[in-house]
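In what follows, a single structure is set out as structure tokens and then discussed.
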Amino acid sequence: MALLAVLALGQGAAAQDPSHAVESAWKLSTALGPAYPQGKAGELWAALIDERSGGRLKVKLYPGATLAQRDPTREFAALREGAIDLAVGSAASWAPQVRELNLFALPWLFPDADALDALLRSEVVGRLEERVRAAGAEPLAWVPDGFRELATRRAIHAPGDVAGLRLRVSPLPPLLDTLLALGAAPASMDAANALAAGAHGALDGETIGVAAYATSRLYASGYTHLLLWGAHADALLFAVNRVRWNTLSEADRELVRQAARDAAGQAAVLTRRLTDTASLAELGRHGVTATRLTSAGKQPFRAAARTAYERWSAVVGEDLVRAAEAVVAAPR
């Protein structure tokens, strides 16, 4: 009886001591699964929080934007409202809720991956974080997520080659406006409908990241020409619901923040690896012809899409765009 009393006393003390309390599982959302850098980033973040808290802070991963009606553009709203506790989201997908995040999708703003890295290390990110915070989430870490490239059935060399092509694209206005400016016929549809449309010759290609292109084996659908044109960059943002964040102790905030930064570092390495020379060579063994546009080769596309750039610069904010342009133009 004495032993039972001691155990009961110990359990009661643990329940009253926040440092020993076990949280109910936090819900962490990603739009993609762990086969993709975004999903892997979420998986790593959840694992690091669990490990470093000794199992006290539990996190459950929900890939596929299942907590946001499977719609990545609804994910930030669900995070803000508390249906999601944590998320690793695409800046492009969250931009409908935080307009300044459209910065990453400005056509041909970033000349290369190094320029994107430079922006994510600059004071411009601090200004973006202010807007994310004001919109209801606490930003913790960023990861460059490469570029949306162009996969087609035939080779593309100049803007005129894009005119009239039926291209699948994410339903994000800056991307749609860019393709319209180039004379293409953009269409938004889910993967199943895109596969059926491609099989019936109703699609000529789609805009897609290299990692997603390889993972989904899109070349098997006949899109064997991959133009690395660098039209639209993207970045992944690790964020926490503001109400959830405000309940955390300073020690737990630092734990969650550092776990996000460490997961971001690992995800960045994965993103680079999936788009490096060796990965492109592997695609070549599957019959893919990958062509990387030079700076001079991008210029005609950039000029043709200037109206889209100017329109979305106004949405983002001219001061913010000018600051970003200065960062990416600076010598490195």
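A few points about this structure:
- Available extension along the chain between residue 191 and residue 166 is 7.5 nm, counting 0.36 nm per residue and deducting the alpha carbon span.
- Just the protein heavy atoms count here, and of the accessible area of the chain at 1.4 Å, carbon and sulfur take up 55 percent.
- Mean Kyte hydropathy of -1.0 or more with a Cα span along the axis of at least 20 Å, helices from DSSP in the chain: 2-16, 37-52, 250-274
- Of all DSSP beta bridges in the chain, antiparallel share, percent nearest 5: 60
- From its DSSP helices (H runs of at least four residues, each -39,500 (n - 2.57)), the chain gives a residue-normalised ellipticity at 222 nm of -14500 deg cm²/dmol.
- For segment 166-291, the relative contact order comes to 27 percent (Cα pairs under 8 Å, sequence separation of at least 6).
- Build a GNM of the chain with springs between Cα atoms under 10 Å apart, and of 47, 87, 158 the one that fluctuates most is 158.
- Each of (1) 21.6; (2) 21.1; (3) 26.5 is a candidate for Kirkwood radius over Cα pairs in Å; the one calculated from this structure is (2).
- 26 Å Cα-Cα reach of residue 58 towards lysines, excluding residues that sit fewer than 8 places from it in its own chain: 27, 40
- Label-to-label distance for residue 99 and residue 269 is 4.0 nm, based on points extended 7 Å past Cα in the beta-carbon direction.
- Selected from 69, 266, 97 as most flexible by GNM, with the chain as the system and alpha-carbon contacts under 10 Å: 69
- Accessible surface area normalised per residue over segment 195-293 is 43 Å², counting heavy atoms of protein chains with a 1.4 Å rolling probe.
The values are calculated or read from the model by the stated rules, or taken from the named source; none is laboratory data. Predicted model, so just to flag it, every value in this text is computed and none were measured. Cβ sites come from the backbone with ideal geometry, for glycine too, and all protein chains shown count toward neighbours. Remember, those area values only see protein heavy atoms, side chains included, never the ligands or the DNA or RNA. Shrake-Rupley method; radii C 1.70, N 1.55, O 1.52, S 1.80 Å.
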